[in-house]
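Undergrad: Pasting a structure below so you can have a look.
The values are calculated or read from the model by the stated rules, or taken from the named source; none is laboratory data. Values in this document were obtained by computation on a predicted structure and should not be read as measured data. All Cβ positions, even for glycine, are placed from backbone atoms using ideal geometry, and neighbour counts span all protein chains on display. With ligands, DNA and RNA removed, areas are computed over all heavy atoms of the protein, side chains included. Shrake-Rupley method; radii C 1.70, N 1.55, O 1.52, S 1.80 Å.
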Amino acid sequence: MRDILIAGNWKMNKTTAEALAFAEEVKGIEAGDNVDLAILAPFTQIGALKDAFEDSDILVGAQNVHQMPSGAYTGEISADMLDELDIHYCIVGHSERREYFKETDADVNAKLKALLAKGITPILCVGEPLNVRGMGGHLTHVGVQVHLDLAGIPITDIKNIVIAYEPIWAIGTGKTATPEEADMMCGFIRGIIEGLYDDVSAERIQILYGGSMKPENAAELLAKENIDGGLIGGASLKADSFIELARIAAESVK
Ligand code: PGA
């Protein structure tokens, strides 16, 4: 009953020429009912991809936004600027931004609000590092992130947010959470949404898994009750594996 979303997070990869070559290969994919497909691209490629995917089933998104509406923030991009590009999604709070760019939960919360005000769907990333998992603190860690990141976001907006559970130890490492571990964490997050909002919001919200998801393991992960798609890094960079992931998603609609 929830759509499956396959969202490619390209991170800092591909020139615009390379992005357009990819688009040429994938733009004919038919997403099918109840499957959403997206590429979350570096800022410089968004305009070209929007044009290339104009008549296709593939949506375009960004990977970051600044929380302030405008001003002296050299090198940053505002929600207004993204809105002008007519994008659908924007990642918020990816673990790489939290770690390398010192984004706090307060920053993440402000970014969510800036995007929601413009009607852009945030993909909120949460997840625990390896040492926290090793100590058994993953539920607390992710629970605190979800509470802080969603602080003050009203029930009318929660349906416009996607959440991605991305255990940091599984990102780019080749190590995937088992389908059971991933499903348990996505279910745990759904339970928090029910507590903070209501059961309808919990039932509706799309919760993705991210971390070394690829054609070889996607079917098993997507078969799980609480996993509504994937935020996919490495495996989204090659056209053939993105096409394969889209096919697996279409077969996984519950
Ligand atoms: P990965 O990245 O699929 O390369 O592990 C996922 C992500 O960081 O969103």
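Undergrad: Where the centre of each part is set by its Cα atoms, how far does segment 1-60 sit from segment 68-136, in angstrom?
TA: 20
Undergrad: How high is the relative contact order of segment 102-254, in percent, with contacts defined as C-alpha pairs under 8 Å that are six or more residues apart?
TA: Numbers: 226 pairs, mean separation 31.7, N = 153.
Relative contact order comes out at 21 percent.
Undergrad: Turning to a different aspect of this structure: Per the 1.4 Å probe, what fraction of the accessible area of the chain, in percent, lies on carbon and sulfur atoms? Each step should come with its number before you reach the end.
TA: Details: 6040 of 11290 Å².
Carbon and sulfur: 53 percent of the exposed surface of the chain.
Undergrad: At 0.36 nm per residue, minus the direct Cα-Cα distance, what do A48 and A17 gain on full extension? Give it in nm, one decimal, please.
TA: Details: separation 31, 0.36 × 31 = 11.16 nm, distance 0.92 nm.
Length gained between A48 and A17: 10.2 nm.
Undergrad: Around H94, which amide H atoms from residues at least 5 apart in sequence, or from another chain, sit under 5 Å from its own amide H, with H modelled in the peptide plane?
TA: Under 5 Å from the amide H of H94 lie the amide H atoms of C125, each far enough along the sequence or on another chain.
Undergrad: Give the accessible area for E18 in Å² (nearest 10); use a 1.4 Å probe, count only protein heavy atoms, and leave out ligands, DNA and RNA.
TA: 100
Undergrad: Using the heavy atoms of the protein chains alone and a 1.4 angstrom probe, what is the accessible area of segment 4-252 per residue in square angstrom? Intermediate results must be reported in sequence, preceding the final value.
TA: On the way: 10870 Å² over 249 residues.
Here the residues of segment 4-252 average 44 Å² of exposed surface.
Undergrad: Turning to a different aspect of this structure: Work out the FRET efficiency for E84 and K27 from their Cβ-Cβ distance, taking R0 = 30 Å, and round it to the nearest 0.05. Before the final figure, lay out each step's value.
TA: On the way: r = 23 Å, r/R0 = 0.76.
According to the calculation, E is roughly 0.85.
Undergrad: Straight-line reach from K254: which lysines fall under 17 Å, measuring Cα to Cα and dropping same-chain residues less than 8 apart?
TA: The qualifying lysines are K224.
Undergrad: Additional query: What lysines does K102 reach when the alpha-carbon gap must be under 18 Å and sequence neighbours fewer than 8 apart in one chain are set aside?
TA: Candidates past the 8-residue exclusion: K11, K111.
Undergrad: Between beta-carbons, use under 12 Å as the cut-off and find the net charge around S241, counting Lys and Arg +1, Asp and Glu -1.
TA: Numbers: positive: K214, K238, R247; negative: E25, E216, D240, E244.
Result for the neighbourhood of S241: -1.
Undergrad: Under a straight-distance cross-link criterion of Cα-Cα below 17 Å, which lysines are reachable from K118, leaving out those fewer than 8 residues away in the same chain?
TA: K159
Undergrad: Looking at the square roots a ≥ b ≥ c of the eigenvalues of the Cα gyration tensor of the chain, which shape do they give, rounded for a/c under 1.5, prolate if a/b is larger than b/c, or oblate?
TA: It comes out rounded by the Cα gyration axes.
Undergrad: Moving to a separate point now. Per DSSP helix of 4 or more residues, -39500 (n - 2.57); summed, then divided by the residues of the chain. What does that give at 222 nm, rounded to the nearest 500?
TA: Values: 12 runs with 113 residues, N = 254.
It lands at -13000 deg cm²/dmol.
Undergrad: How many nm is it between the label spots at T173 and A72, if each spot is 7 Å from the Cα in line with the beta carbon?
TA: 4.2
Undergrad: Let me ask another. Can you give me the C-alpha center-to-center distance between segment 205-237 and segment 177-199, rounded to a whole angstrom?
TA: 15
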